[in-house]
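Before any comments, here is the structure.
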Amino acid sequence: MGTVEAKKPEAPGAATAESRDALTLTDQRTGKTYEIPIADGTIRAIDLRQIKTGPDDFGLMSYDPAFLNTASCKSRITFIDGEKGILRYRGYPIEQLAEKCTYLEVAYLLLYGELPNRKQYDEWVQRITYHTMIHESLKKLMDAFNYDAHPMGMLISTVAAMSTFYPEAHQVHDVDVRTKQIHRLIAKMPTIAAFAYKHSMGMPYVYPRNDLSYCENFLTMLFKTPAEDYKPNPALVKALDVLFILHADHEQNCGTNAMRGIGSAHTDPYSSVAGAAAALYGPLHGGANEEVLKMLTEIGSVSKVPAFIKEVKEGKGEKRLMGFGHRVYKNFDPRAKIIKRMAEQVFEVTGRNPLLDIALELERIALQDDYFVKRKLYPNVDFYSGLIYQAIGIPTAAFTVLFAIPRTSGWLSQWGELLEDPEEKIARPRQIYLGYGERNFVPIDKR
Ligand code: ACO
């Protein structure tokens, strides 16, 4: 389980000595016993510090290098139960949101905690729509990239550069200033993403249009050319909107942890989002969607799937089945289920992606194979999403950019929550130092 749902308080007087919310620890080094309070299913690591062998001892710390069992914050945004395959934003099941909402409605929900009413929604959409243009100098900055620059590298750098265009964004404790940057970031991410794509194709940029929805506008900026008009297919617009909903937030994953870590230094939101996007870029995280497509292409045909699975198993972790496995989901990823269903609908419009058969065969074999079953490895959100992106016509290198666009609303929600948290402090882990003790400097000719 990735998230601990806070337990409701017991009725007054219900606690007995036996059922106290505390952990009794005996330090075998000293024979001393300590009582550590338990709240929301956790102990506070700082409570361990009192456990010392003597006055010079720093005190006990916990060691958790990849945060396998450490809650880094309290949050009210996203709930995941990895064993049961449950994902909820602000209490609403992801399946309901994906079926009934637009991405911008969900972004509002994540940021403000409630679904918008009609008036709030219209105002919100208007705000986002009227912030989609980017500064012409930012466009020139994008022009400076090499023709084959990776779109994620361009996105990360351009978003970071935005902090120089909006210096007031440094006032992170001013709610009005924060709100303005939230509008700008959610609105401009698709524009930057589309410009990065156009740049890689050597094509002129297509400016945003205010008469189109968020996803219609994005597809138009991607695929319209000066030579002809472009009308996005409604089925593909809907599919993209659902993919954006599914990718909008995912509690304390690697990218969000980066967002909170950078944000904890009171860094402006553009630099923080750039840092979070850099984490997302990695192939073990959001970059996996690109890797899945490369992998399926490399396998090449259904008949070669068993040999590939064998290689993964014999590689003992060296070679991974990309799009499989998750730190939190140990049964199934509810997002992957929705995406797999949606892939069939998209292919009815675009024609079947031949790589789908390879993906289905990989999934079929892996789900029966002891290696994957024992390790609880199932398809994650990235396994099928790339097939849909490819069917829509998006090049493989741009897949992670399509993840970063909607995740921006999640990052900003988590960032806002962090800044409002009374327990908020700069994120600063401890370490176990295993290096040299003190030693004296040796001049260069004596080494
Ligand atoms: N293929 C083959 N073996 C795998 C895979 C995989 N995709 N994932 C994990 N394993 C194996 C590991 O080798 C390890 O085996 P061992 O116990 O014999 O050493 C065991 O399963 C546990 O793996 P860990 O790496 O400890 O699991 P962790 O929770 O740290 O990693 C991760 C999760 C990074 C997602 C991992 O499953 C992975 O690399 N998957 C492929 C990349 C991917 O799809 N990432 C996208 C995740 S979703 C997202 O971030 C948006």
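Points worth noting:
- If you filter the stretch 278-287 down to residues that are under 12 Å from the mean Cα position of the chain (by Cα) and within 20 Å of Tyr389 (Cα to Cα), you find that the one that is farthest from the ligand (Cβ to nearest atom) is Tyr281.
- If you filter the stretch 238-253 down to residues that are under 20 Å from Arg88 (Cα atoms) and of a type outside the set (A, V, I, L, M), you find that the one that is surrounded by the most Cβ atoms within 10 Å (Cβ to Cβ) is Asp249.
- The stretch 197-221, residues that are at pLDDT 95 or above and aliphatic (A, V, I, L, M): Val206, Leu212, Leu219, Met221
- Conditions (1) touching a residue at least 12 places away in the same chain (Cβ under 8 Å); (2) within 19 Å of the chain's Cα centre (by Cα): number failed by Arg88: (1)
- Count of the stretch 171-205 residues which are of a type in the set (A, V, I, L, M, F, W, C) and more than 18 Å from Ala404 (Cα to Cα): 5
- Selection within the stretch 114-161 - under 30 Å from Pro93 (Cα atoms), among the polar types (S, T, N, Q) and either open to solvent by less than 70 Å² (accessible area, probe 1.4 Å) or touching a Ser or Thr at 6+ places or on another chain (Cβ under 9 Å) (or both): Thr129, Thr132
- Condition met for Ile392 (more than 21 Å from the chain's Cα centre (by Cα), open to solvent by 10 Å² or more (accessible area, probe 1.4 Å) and closer than 24 Å to Asp249 by Cα): yes
- Hits in the stretch 254-277 (condition: surrounded by fewer than 24 Cβ atoms within 10 Å (Cβ to Cβ) and within 14 Å of the ligand (Cβ to nearest atom)): Cys254, Asn257, Ala258
- Taken over the stretch 278-288, the residue count meeting the criterion of being touching an Asp or Glu at 6+ places or on another chain (Cβ under 6 Å) and surrounded by fewer than 20 Cβ atoms within 10 Å (Cβ to Cβ) is 1.
- Number of the exception - Met203 against (1) open to solvent by 20 Å² or more (accessible area, probe 1.4 Å); (2) under 23 Å from the mean Cα position of the chain (by Cα); (3) among the aliphatic types (A, V, I, L, M): (2)
- Of all residues making up the stretch 225-237, the number that are in contact (Cβ under 8 Å) with a residue 12 or more places away in the chain and either surrounded by fewer than 20 Cβ atoms within 10 Å (Cβ to Cβ) or part of a helix (DSSP H, G or I) (or both): 6
Table: residues versus (1) within 11 Å of the ligand (Cβ to nearest atom); (2) among the charged types (D, E, K, R); (3) surrounded by fewer than 21 Cβ atoms within 10 Å (Cβ to Cβ); (4) not in a loop (DSSP other than H, G, I, E, B).
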{"residue": "Glu290", "(1), (2), (3), (4)": "yes, yes, no, yes"}
{"residue": "Leu296", "(1), (2), (3), (4)": "no, no, no, yes"}
{"residue": "Ala307", "(1), (2), (3), (4)": "no, no, yes, yes"}
{"residue": "Lys313", "(1), (2), (3), (4)": "yes, yes, yes, yes"}
{"residue": "Arg320", "(1), (2), (3), (4)": "yes, yes, yes, no"}
{"residue": "Arg327", "(1), (2), (3), (4)": "yes, yes, yes, no"}
{"residue": "Phe332", "(1), (2), (3), (4)": "no, no, yes, no"}
{"residue": "Arg341", "(1), (2), (3), (4)": "no, yes, yes, yes"}
{"residue": "Val346", "(1), (2), (3), (4)": "no, no, no, yes"}
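- Matching residues in the stretch 96-149 - criterion: being in a helix (DSSP H, G or I) and touching a His at 6+ places or on another chain (Cβ under 8 Å): Arg127, Ile128, Met142, Asp143
- Residues of the stretch 40-65 that are surrounded by fewer than 15 Cβ atoms within 10 Å (Cβ to Cβ), touching a residue at least 12 places away in the same chain (Cβ under 8 Å) and assigned to a loop (DSSP other than H, G, I, E, B): Asp40, Gly41, Thr53, Ser62, Tyr63.
- Contact annotation: residue pairs with Cβ atoms under 8 Å, 6 or more positions apart or on different chains, pairing a residue in the stretch 316-338 that is within 16 Å of Leu367 (Cβ to Cβ) and modelled with pLDDT under 90 with a partner that is outside any loop (DSSP other than H, G, I, E, B) and more than 8 Å from the ligand (Cβ to nearest atom), are Phe332/Pro379.
- Top-ranked residue in the stretch 66-83 [being among the polar types (S, T, N, Q) and part of a loop (DSSP other than H, G, I, E, B); ranked as nearest to the ligand (Cβ to nearest atom)]: Asn69
- Only residues that are more than 7 Å from the ligand (Cβ to nearest atom), among the polar types (S, T, N, Q) and surrounded by 12 or more Cβ atoms within 10 Å (Cβ to Cβ) were counted across the stretch 368-385, and they come to 1.
- Residue within the stretch 94-113 that is open to solvent by less than 30 Å² (accessible area, probe 1.4 Å), polar (S, T, N, Q) and out of contact with any strand residue (DSSP E or B) (no Cβ under 8 Å at 6 or more places or on another chain) present: no
- Any hit, the stretch 172-179, residues being open to solvent by less than 40 Å² (accessible area, probe 1.4 Å), basic (Lys, Arg) and in a helix (DSSP H, G or I): yes
The values are calculated or read from the model by the stated rules, or taken from the named source; none is laboratory data. These numbers were taken from a predicted model, which means no experiment stands behind them. Quick reminder, even Gly has a Cβ in these numbers, built from the backbone with ideal geometry, and neighbours come from all protein chains shown. Side chains are part of the model used for accessible areas, which takes the heavy atoms of the whole protein and leaves out ligands, DNA and RNA. Shrake-Rupley method; radii C 1.70, N 1.55, O 1.52, S 1.80 Å.
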